[in-house]
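What follows is a set of notes on a single structure, which appears directly below.
A short reminder: the numbers here are calculations on the coordinates, not readings from a lab. What you see is a predicted model; the values in this text were computed from it and never measured. Neighbour counts run over all protein chains shown; Cβ positions are idealised from the backbone, glycine included.
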């Protein structure tokens, strides 16, 4: 569950970064601009090349952020599915007179839902 919490925070942070166009450092450090000898190029041609460089940088950032979000989304989905699988695998039938397994299942499921809500609130507040 702690791993899920970490991955969920990463997922929420990635979605906020995309929303506000703030890429992580490993993406934002890339800049595809270089100096042109403007004595050789005319002003319009140089500006066109600079615009192409900026567009290339922007396209890279967009694609890198999309891939980053895709990977964090998938990590979060896999962990969520594993947790749901564990909950569904919890015994639901009563097989012992000393324990009420069905109510134990219901309480365990409720506990997990509340824990997930708490983790989501903590993650949202930390952003």
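Backbone N atoms of region 6-33 closer than 20 Å to the 7 Å Cα→Cβ label point of residue 59 belong to residues 23, 27-33. Each stretch of four or more DSSP H residues adds -39500 (n - 2.57); spread over every residue of the chain, this sum gives -26500 deg cm²/dmol at 222 nm. With a Förster radius of 35 Å applied to the beta-carbon distance between residue 36 and residue 13, the computed FRET efficiency rounds to 0.40. Just to confirm the number: angle between the C-alpha axis of helix 2-19 and the first principal axis of the chain, 0 to 90 degrees, nearest 10? Rounded to the nearest ten degrees, it is 30. For the chain, the relative contact order works out to 37 percent when only alpha carbon pairs closer than 8 Å and six or more residues apart are counted.
Residue separation times 0.36 nm, minus the C-alpha to C-alpha distance between residue 48 and residue 122: what's the value?
Numbers: separation 74, 0.36 × 74 = 26.64 nm, distance 4.64 nm.
Once the chain is fully extended between residue 48 and residue 122, it gains 22.0 nm.
Packing, taken as the mean count of other beta carbons within 10 Å per residue, orders the peptides 113-124, 70-81, 36-47 from highest to lowest as 70-81, 113-124, 36-47.
The angle between the Cα long axis of helix 101-126 and the main principal axis of the chain comes to about 30°, on a 0 to 90 degree scale.
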